[in-house]
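The values are calculated or read from the model by the stated rules, or taken from the named source; none is laboratory data. As the structure is a computational prediction, the values presented were derived from the model and not from experiment. Using ideal geometry, Cβ is built from the backbone for each residue, glycine included, and neighbour counts are taken over all protein chains shown.
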Amino acid sequence: MTHIKTDITKLSAAPAGWHRHQNGGGLVEDTTTVADTAFVGSDAKVYGTARVLGSAEVHNYAKVYGEAWISGSAKVHGSAKVYGEAWVHGDAKVYGSAKVYGSAEVFGSAEVYGSAEVYGSVRVYDSAKVYDSAEVYDSAEVYDGAWVYGSARMSGDAWVYGSAWVYGSARMSGDAWVYGRAQVSGDVGVHGYASVFGSAQVSGSAQVSGSAKVFDAARVSDSAQVFDSAWVYGEAQVSGSASVFGDTEISK
């Protein structure tokens with residue numbers, strides 16, 4: 001991001017207990033720790049006991065506050081907010097009107113943007129993306145090149161990784177995993193210890209729960225349910241209002 005050199009003397013004076021950061025002119029509360037090497041744009045704010053370290057950048061109308069840390073080459077811009085005890089580092093970016101808070105950690109080259117919210121003790125890392133109005137919370141993790149977007153929700157200890165996509169109004173909870181090149185969309189629920197992987201697709205309002213597995217190139221759609229210890233794999237298709245449960249295995 002290109003910096004436009006700011007003449008701090010032309011900006012409004014900082015209120016008592018604040019100062020203008022020498023690199024960018026942003027408002028910085030005296031209780032914070034902001035490195036000389038960091039950039040805080042003229043409309044940005046850093047306050048509370050927040051830390052902005054290294055070559056991190058806070059631009060536009062972004063706010064970093066509470067006990068949050070921004071470090072490395074991380075960037076927070078737009079009207080994004082990072083607060084609580086959240087930590088954004090590496091080459092990560094938080095922008096748009098996104099919020100990262102609680103003790104969440106965003107790092108690597110991960111991106112959180114749009115109006116997405118990442119909070120709790122979540123970790124988003126590698127080149128993962130969380131965007132649109134998605135929410136990831138509790139102890140969930142999104143990593144590798146995975147995307148979580150739309151109005152999807154992830155909670156509990158759920159993981160999305162590999163090149164998987166979770167989107168639409170999909171819900172994940174418990175210890176559920178979606179990985180590989182799998183796609184989970186629509187009003188789908190993946191809960192418990194269930195896993196969806198390979199190039200499997202789960203869509204519509206289907207539910208996968210218990211310790212069920214949907215994998216390979218399998219498709220589960222409509223209002224179908226796969227639960228207990230059932231497996232759906234190969235090129236199998238389960239649709240309509242079908243239920244697959246117990247120790248059943250369906251393949252094709």
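Taking the criterion of being under 15 Å from Ala236 (Cα atoms) and either of a type in the set (D, E, K, R) or buried (at least 22 other Cβ atoms within 10 Å of the Cβ) (or both), the residues of the range 162-199 that qualify are Ala182, Val196.
For the range 234-252, the set of residues classified as assigned to a loop (DSSP other than H, G, I, E, B) and modelled with pLDDT of 95 or more consists of Gly234, Glu235, Ala236, Ser239, Gly240, Ser241, Ala242, Phe245, Gly246, Asp247, Thr248, Ser251, listed by residue number.
Among the residues of this structure, Ala16 counts as one that is surrounded by fewer than 17 Cβ atoms within 10 Å (Cβ to Cβ) and either farther than 24 Å from Tyr161 by Cα or among the polar types (S, T, N, Q) (or both). Consider Val208 carefully, then state whether it is under 30 Å from Ser97 (Cα atoms) and β-branched (Val, Ile, Thr). Judged against the criteria, Val208 is not a match.
Scanning the range 201-225 for residues that are part of a loop (DSSP other than H, G, I, E, B) and either under 19 Å from Asp247 (Cβ atoms) or of a type in the set (D, E, K, R) (or both) gives Ser209, Gly210, Ser211, Ala212, Phe215, Asp216, Ala218, Asp222, Ala224. It is to be established whether one or more residues within the range 215-237 are without any contact (Cβ under 8 Å) to a residue 24 or more places away in the chain, of a type in the set (Lys, Arg) and farther than 22 Å from Val136 by Cα. Looking for residues that are without any contact (Cβ under 8 Å) to a residue 24 or more places away in the chain, of a type in the set (Lys, Arg) and farther than 22 Å from Val136 by Cα, one finds at least one in the range 215-237, hence yes. Filter the range 43-93 down to residues that are crowded, with 23+ Cβ neighbours inside 10 Å, small (Gly, Ala, Ser) and either more than 20 Å from the chain's Cα centre (by Cα) or not in a loop (DSSP other than H, G, I, E, B) (or both), then give me how many there are. The qualifying residues number 2. Scanning the range 200-209 for residues that are surrounded by fewer than 19 Cβ atoms within 10 Å (Cβ to Cβ) and either more than 18 Å from Gly168 (Cα to Cα) or of a type outside the set (Ser, Thr, Tyr) (or both) yields a single hit, Gly204.
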